[in-house]
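Notes to accompany the following structure.
The values are calculated or read from the model by the stated rules, or taken from the named source; none is laboratory data. Keep in mind the model is a prediction, meaning the values are calculated, not measured. Here the Cβ is made from the backbone with ideal geometry for all residues, glycine too, and neighbour counts use every protein chain on show.
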Amino acid sequence: MNNLNGKKIIVTAGPVWVPIDKVRIITNVFGGALGYEIANEAARQGAEVILLMGPGRVHFTGKEKFKLIKFKYYDEIYKILKKEISSKKYSAIIQSAAIPDYVPVETKSGKIKSGKKELVLKFKPTKKMIDEFRKWDEDIFIVKFKLEVDKNKKELVEIAYKSMLYSKADLMVANQLDNIGTNHEAYLMDPQKNIKTIIGKNNIARELVKEIQKRLN
């Protein structure tokens, strides 16, 4: 049964580039595979899905049932999300893209010269766009992702839970960097602190979409 018929959902996935000059960027190691699986699963369940995909490593078949919008930079995804969410036509936003926490204070207009003995770059925090979502649409269902490094399960869960409440998200997917390889392990939690351990990207996508179905219907 396609329980998401009539629902419009945005999924974000992949890395997000931050330029330091015209030819160099700072990025991260994430490829966008989980976001791709989530978009596929939501579409299979009848949702009208837009996938915003950063410059990752996902192979697209051309037969996907969702609309694909590619982007590269932080400013791009911010503008797209603000426009789309502010339209108030979406039921849910699943923010799985690896959004940068910092950007350079200054982006060089040309190319930083090579041959320097030392290169120092100053950074400033990015605007936490997920914390803006409720301002753009107070009713949209928000799924937040949290990644931590070198934390045990209890520490990860506590950090992710506080992060979910701070952003007023409806669901959280918490990940540990060491556990996102072939047997991707994640913790799915809600504001009541119900926690489900899920292993495998396909299973994470399936269980997350199932939980969204339950809550939207």
Would you be able to tell me the number of residues in region 94-152 that are without any contact (Cβ under 8 Å) to a residue 60 or more places away in the chain and touching a Leu at 6+ places or on another chain (Cβ under 7 Å)? 4
Filter region 22-70 for residues that are at pLDDT 95 or above and of a type in the set (Phe, Trp, Tyr); which is surrounded by the most Cβ atoms within 10 Å (Cβ to Cβ)? Tyr36
Residues of region 30-76 that turn out to be farther than 23 Å from Gly6 by Cα, of a type in the set (Phe, Trp, Tyr) and in contact with a helix residue (DSSP H, G or I) (Cβ under 9 Å, 6 or more places away or on another chain), as a count: 3
Of the residues in region 14-42, how many are in contact with an Asp or Glu (Cβ under 8 Å, 6 or more places away or on another chain) and within 22 Å of Lys83 (Cα to Cα)? 1
Could you list, ordered by first residue, the pairs with Cβ atoms under 6 Å in which the first is in region 154-177 and free of Cβ contacts under 8 Å to residues at least 24 places away in the same chain and the second is buried (at least 21 other Cβ atoms within 10 Å of the Cβ), at least 6 apart or interchain? Ser163/Lys146
Identify, please: which residue in region 14-40 is polar (S, T, N, Q) and touching a strand residue (DSSP E or B) at 6+ places or on another chain (Cβ under 7 Å) and is, among those, farthest from Asn179 (Cα to Cα)? Thr27
